[in-house]
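The values are calculated or read from the model by the stated rules, or taken from the named source; none is laboratory data. Because the structure is predicted, anything quoted here is derived from the model rather than measured. All Cβ positions, even for glycine, are placed from backbone atoms using ideal geometry, and neighbour counts span all protein chains on display. Remember, those area values only see protein heavy atoms, side chains included, never the ligands or the DNA or RNA. Shrake-Rupley method; radii C 1.70, N 1.55, O 1.52, S 1.80 Å.
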Amino acid sequence: ERRVELLKANGYNAIRTSHNPVSRAFVDACNRLGVLLMEEAFDCWDAGKNSDDYHLFFEDWWQRDIASMVLRDRNAPAIVFWSIGNEIPNRHVARGAALSAALSEYIRHLDDAGGGSRRAITSAYP
């Protein structure tokens with residue numbers, strides 16, 4: 001909460017998390033303090049940046065990890081965007097486009113199931 005308070009005191013009103021979902025305490029602090037939040041799921045999908053990256057586990061875990069993030073935070077007023085990834089190595093090829101569509105559709109399904117708001121879904125790129 002202290003970090004969110006410091007950011008807000010210095011004029012920040014929105015935060016983009018990077019590469020993994022943040023803690024529930026962080027989301028709760030943003031809710032209490034009125035800070036908008038873009039929550040990000042991944043920094044790679046099935047093509048990694050390093051030999052021991054998440055790409056080794058992506059196929060088996062991506063749905064569980066997305067569900068964990070969205071189901072936990074879909075009712076948080078601070079969440080204004082979902083991010084399916086940042087600096088994804090294979091986003092510019094056909095497989096990356098297909099994964100982007102699958103991830104986005106799964107998030108929409110989960111967010112809507114809770115009476116969701118159809119939040120925007122994005123993927124950052126440098």
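Answer yes or no: is there a residue in the stretch 3-17 that is among the charged types (D, E, K, R) and assigned to a loop (DSSP other than H, G, I, E, B). Looking for residues that are among the charged types (D, E, K, R) and assigned to a loop (DSSP other than H, G, I, E, B), one finds none in the stretch 3-17, hence no.
Filtering the stretch 20-34 to residues that are more than 19 Å from Arg119 (Cβ to Cβ) and either in a loop (DSSP other than H, G, I, E, B) or in contact with a Ser or Thr (Cβ under 7 Å, 6 or more places away or on another chain) (or both) leaves only Ser23. In the condition set (1) under 22 Å from His109 (Cα atoms); (2) in contact with a Leu (Cβ under 6 Å, 6 or more places away or on another chain), Phe58 is compliant with all but (2). Would you mind finding the one in Ala94, Ala101 that is over 13 Å from the mean Cα position of the chain (by Cα), open to solvent by 10 Å² or more (accessible area, probe 1.4 Å), within 17 Å of Ala120 (Cβ to Cβ) and of a type outside the set (Val, Ile, Thr)? Going through Ala94, Ala101 in turn, just one is over 13 Å from the mean Cα position of the chain (by Cα), open to solvent by 10 Å² or more (accessible area, probe 1.4 Å), within 17 Å of Ala120 (Cβ to Cβ) and of a type outside the set (Val, Ile, Thr): Ala101.
Might you let me know whether the stretch 6-22 holds any residue that is more than 29 Å from Ala98 (Cα to Cα), within 16 Å of the chain's Cα centre (by Cα) and hydrophobic (A, V, I, L, M, F, W, C)? Checking the stretch 6-22: at least one residue is more than 29 Å from Ala98 (Cα to Cα), within 16 Å of the chain's Cα centre (by Cα) and hydrophobic (A, V, I, L, M, F, W, C). The residue of the stretch 41-90 that is least open to solvent (accessible area, probe 1.4 Å), among those that are in a loop (DSSP other than H, G, I, E, B) and without any contact (Cβ under 8 Å) to a residue 40 or more places away in the chain, is Asp53.
Could you say whether any residue in the stretch 108-119 is on the phi > 0 side of the Ramachandran plot, open to solvent by 50 Å² or more (accessible area, probe 1.4 Å) and either among the aliphatic types (A, V, I, L, M) or not in a helix (DSSP H, G or I) (or both)? Yes - at least one qualifying residue is present in the stretch 108-119. Pairs meeting the criteria (first residue in the stretch 6-34 and open to solvent by 60 Å² or more (accessible area, probe 1.4 Å), second residue part of a helix (DSSP H, G or I), beta carbons under 8 Å, at least 6 apart or on different chains) are Lys8/Leu33; Arg24/Arg72; Arg24/Asp73. Flag not set for Leu37, criterion: touching a residue at least 24 places away in the same chain (Cβ under 8 Å) and part of a helix (DSSP H, G or I).
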